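First comes the structure, then the notes that go with it.
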Amino acid sequence: MMVKSAAKYIVLLGPPGAGKGTQAQIISKEMNLAHVSSGDIFRENLKQETELGKLAQTFMRRGELVPDDVTIAMIQERLTRPDCQAGALLDGFPRTPAQAEALSKMLAKWGAEVNLVPYIFVDANILIERLSGRWTCPVCGLVYHEKYNPPITPGICDNDGAVLYQRDDDKPETVKRRIDVYLTQTAPLIEYYRLKGLLVEIDGTLSIDQVAKNILAAIEEKVAN
Ligand code: ADP
Ligand code: AMP
């Protein structure tokens, strides 16, 4: 059995478009902690045309969640890779109570636990504008916003020069469905983690830099080194 008791696991919670991916990219660099995004892993599988990718696509294109068993197995495998030896910053997982329970169980086996859950809250009307202006790099996964966080050259990734694309599931009908799915299936995790004393509320309407500062300050204050 693997013992990872010193490892840190931070779960970023919040609706689609709250800024989880944006913050995870900043914070994972700052803390030198692996960024594990379930959505990115599904999109990568889709690109590679794996069986997992094909299965995930049937749910993703409708804005539905991929079934728990498949998602949990995928994350468990990801968290055992060498770059997660010191823990991980989880973005987009867990998204259901069953996923949260499975995460606790797998971490407990490794002598670890979820250390903090920054919950990034943003009003639903803002989410739609955020997602409709989101542009993503197909190579490195960096996310931009045409108004709030534009690349230096329009349509081109600052990091690697790739041509940015708009996610298929960011079209308005799918966004509405994703927000509904979030409210019914994922929002219960807010109380779940609050009861465990792990939740810290983060105002996601502030600037990207300010949100990052607030999350880092919460980690500094509440997660032991
Ligand atoms: P999530 O991973 O939670 O779905 P993203 O990090 O992809 O959200 O952010 C959604 C969109 O909102 C992106 O276009 C991103 O550039 C933009 N964004 C993220 N944080 C902020 C912020 N604090 N202010 C304005 N726009 C933001
Ligand atoms: P995201 O990149 O986090 O916005 O996720 C994009 C899509 O991938 C979601 O709408 C779901 O279809 C799927 N997905 C990502 N994470 C999960 C998860 N933890 N459980 C189920 N489905 C997920």
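Read-outs: derived from the displayed coordinates by stated rules, not from any lab. The structure displayed is predicted, hence computed values, not measured ones. Don't worry about glycine lacking a Cβ; one is built from the backbone with ideal geometry, like all the others, and counts go over all protein chains shown.
Here are a few things to note about the model shown:
- Mean separation of Cα contacts under 8 Å (6+ apart) over length of the chain, as relative contact order %: 30
- Here ARG177 and GLU77 are evaluated by their C-beta separation; at R0 = 35 Å the FRET efficiency comes out at 0.80.
- Test item: Cα-centred dipole of the chain, Lys/Arg +1 and Asp/Glu -1 on Cβ, debye: 240
- Cα-projected label distance for LEU216 with ASN32, points at 7 Å along beta-carbon direction, nm: 1.5
- Inter-site label distance for ARG62 and THR184 at 7 Å from Cα along Cβ, in nm: 1.1
- Charge dipole of the stretch 92-225 (Cα centre as origin; +1 on each Lys and Arg Cβ, -1 on each Asp and Glu Cβ, all else neutral): 360 debye, rounded to the nearest 20.
- Virtual paramagnetic centre 7 Å along Cα→Cβ of GLU113, amide N under 19 Å, in the stretch 165-202: 189-201
- P(r) tail for the chain: Cα pairs beyond 26 Å make up 33% of the total.
- The chain, helix-only ellipticity at 222 nm - DSSP H runs n ≥ 4, -39,500 (n - 2.57), divided by all residues, nearest 500: -13500 deg cm²/dmol
- Taken about its Cα centre, the stretch 1-88 carries a charge dipole of roughly 200 debye when the Cβ of each Lys and Arg holds +1 and the Cβ of each Asp and Glu holds -1.
- Candidates per chymotrypsin sites (Phe, Trp or Tyr not before Pro) in the stretch 100-186, loop by DSSP, up to 14 other Cβ within 10 Å: TYR148
- Difference of contour (0.36 nm per residue) and Cα-Cα distance, ARG167 to LYS196: 7.0 nm
- Expressed in units of 2.2 N^0.38 Å, where N is the residue count, the Cα radius of gyration of the stretch 56-106 is 1.19.
- From the alpha carbon centroid of the stretch 47-123 to that of the stretch 208-225 is 22 Å.
- Potential lengthening of the chain between VAL139 and VAL70 amounts to 22.4 nm, from the contour at 0.36 nm per residue minus the alpha-carbon distance.
- FRET efficiency, GLN85 to ALA224 (Cβ-Cβ, R0 25 Å, nearest 0.05): 0.90
- Taking only Cα atoms of the stretch 1-104, radius of gyration then Dmax in Å: 13.6, 39
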